[in-house]
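Working notes, beginning with the structure itself.
The values are calculated or read from the model by the stated rules, or taken from the named source; none is laboratory data. The shown structure was predicted, so the numbers you read here are calculated from the model rather than taken from an experiment. Please note: Cβ atoms are built from the backbone with ideal geometry, for glycine as well, and neighbour counts cover all protein chains shown.
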C-alpha cells in the first residue's frame, strides 16, 4: 500500500472550508439583523468575520482567537433565534464593535511581523519561513580590496645545527671549562715579629724639610729609645706618626734620620 501524498490542490479542505463559511455566515447574518442592522449592511458582518478567520489561517496567527469569536457569534445567533437569549444593550454593543475589531486584527496580521519573520527578514504573513528564506535573494558579496602580502623576511645564515650564526651555539663551539682560581695561602707571619715597614724613599722635597723636623726630633728620640728597649727593634713610621701626631711623610723622614743617627753610633 503506497503512502498517501499531498496533492497541490486539497479539494477536501476547500470543500470543508466553503461549507463552514456558508453555515456560519447565515448565523452571523441573522444575529446582525436581530440587533437592528440594515439587511443589506448585515451581510458585511459575516463577510468581515469569515475573512478574518481566513487571514488567521493563512498567516498561522490568531487562529484560536478568530475561531473563538466565530463560535461565540454563532452560539449567540442560535440562542437569539430560539428566544433563549434576549437582545439587550450588551449584545448590540458586541455586534457593533465586531467590524472595527476585525479590521484592526486583519491589518495587524498582514503588516505586523512576528519575531521569526523579523529574524528571517521576510514580509509579515509569510506562510513558510523556510521556503521564503531559501528563495530570498542572496546578499551581495563584498569583495575586500586586495592587500599586498608583506615582503618575505631576509634569510638568516644558520649553522649546521639550525641556529643563527649570530647566536652562540654551544654545540658548534663548546664553552671551555671554567678555571678554578687558586686559593691564596694565608700569610705566615710570626706573632712575635715586630711591625716593620720599609723605609720610605727620600726625595729632594723630603730633604728640604729636614730643618722643619727639628722640633720633633727630641720627642722622636725618646719614643725611639722606649720602643727599642721594649721590643728590641726600632719603631715604625706609623708608630712615630701616632706618638708625635704628625703626618706620614714627616714620620718617615724622622725615622730615616734616626736610623742614620743609630748607624753612626752603632756602626
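Values computed for the structure shown
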{"item": "Output for the stretch 59-101, where each listed residue is under 15 Å from residue 25 (Cβ atoms) and modelled with pLDDT under 85", "result": "99"}
{"item": "Which listed residue, of 73, 37, 80, 69, is outside any helix (DSSP H, G or I), assigned by TED's automatic domain parsing to the domain that holds residue 99, in contact (Cβ under 8 Å) with a residue 24 or more places away in the chain and buried (at least 16 other Cβ atoms within 10 Å of the Cβ)", "result": "37"}
{"item": "Some residue of the stretch 44-53 being out of contact with any helix residue (DSSP H, G or I) (no Cβ under 7 Å at 6 or more places or on another chain), farther than 23 Å from residue 105 by Cβ, in the same structural domain as residue 105 (by TED's automatic domain parsing) and assigned to a helix (DSSP H, G or I)", "result": "no"}
